[in-house]
Amino acid sequence: MLNQVCVLTVKVDNIRTAVEFYTKVLPFEVSKYYGEKLVSLVHNEIPIVLEETESFDTEARQGVLLGILTENLDKDVDELKAKGVEILFDEPQPCPPGRYTIIKDPAGNQIEIVEFAS
């Protein structure tokens, strides 16, 4: 069932500047670094992830990505395809906590569907 938000990703143009803002201006703490361009912040409920992306332009791109939890990514992808939902990847992609894919809502907003590794 795809109705539980599990992560909120904030797209940024510079990960160092973003980490400084979220930890110095706002009182967040870094939970974990996943390489040079991906940082998880400590948050009590829904994890917040900062992700550095190339060619970041808030006018043309979505700056916040909603992540929805799935228990069975392959099954849910098949069901979403059957419903005509636009899916950005042919196959689920690996990510630090497991696997994911991205779908688009009718307005073109991207939504990440995440399956955590057991």
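List of remarks:
- Count of residues meeting criterion [loosely packed, with under 15 Cβ neighbours inside 10 Å and in contact with a Lys or Arg (Cβ under 8 Å, 6 or more places away or on another chain)] in the stretch 63-84: 2
- Residue list for the stretch 102-116, filter: out of contact with any helix residue (DSSP H, G or I) (no Cβ under 7 Å at 6 or more places or on another chain), part of a strand (DSSP E or B) and of a type outside the set (A, V, I, L, M): 104, 110, 112, 116
- Counting only strands (runs of 3 or more DSSP E) wholly contained in the stretch 1-55, the ones carrying 1 or more residues that are small (Gly, Ala, Ser) occupy 30-33, 38-41.
- Hits in the stretch 74-107 - residues which are free of Cβ contacts under 8 Å to residues at least 12 places away in the same chain and either under 20 Å from residue 10 (Cα atoms) or aliphatic (A, V, I, L, M) (or both): 82, 93, 94, 105, 107
- Residue 82 being small (Gly, Ala, Ser) and modelled with pLDDT of 90 or more: yes
- If the condition is being surrounded by fewer than 17 Cβ atoms within 10 Å (Cβ to Cβ) and either of a type outside the set (D, E, K, R) or in contact with a helix residue (DSSP H, G or I) (Cβ under 8 Å, 6 or more places away or on another chain) (or both), then the stretch 85-101 contributes 85, 87, 88, 89, 93, 94, 96, 98.
- For the stretch 1-54, a tally of residues being polar (S, T, N, Q) and closer than 26 Å to residue 74 by Cβ returns 4.
- The condition (being charged (D, E, K, R) and within 23 Å of residue 113 (Cβ to Cβ)) is satisfied by just one residue among 71, 36, 29: 71.
- Qualifying residue in the stretch 32-47 (condition: without any contact (Cβ under 8 Å) to a residue 24 or more places away in the chain, under 14 Å from residue 2 (Cα atoms) and surrounded by 14 or more Cβ atoms within 10 Å (Cβ to Cβ)): no
The values are calculated or read from the model by the stated rules, or taken from the named source; none is laboratory data. None of these values were measured; they are calculated from a predicted model. Quick reminder, even Gly has a Cβ in these numbers, built from the backbone with ideal geometry, and neighbours come from all protein chains shown.
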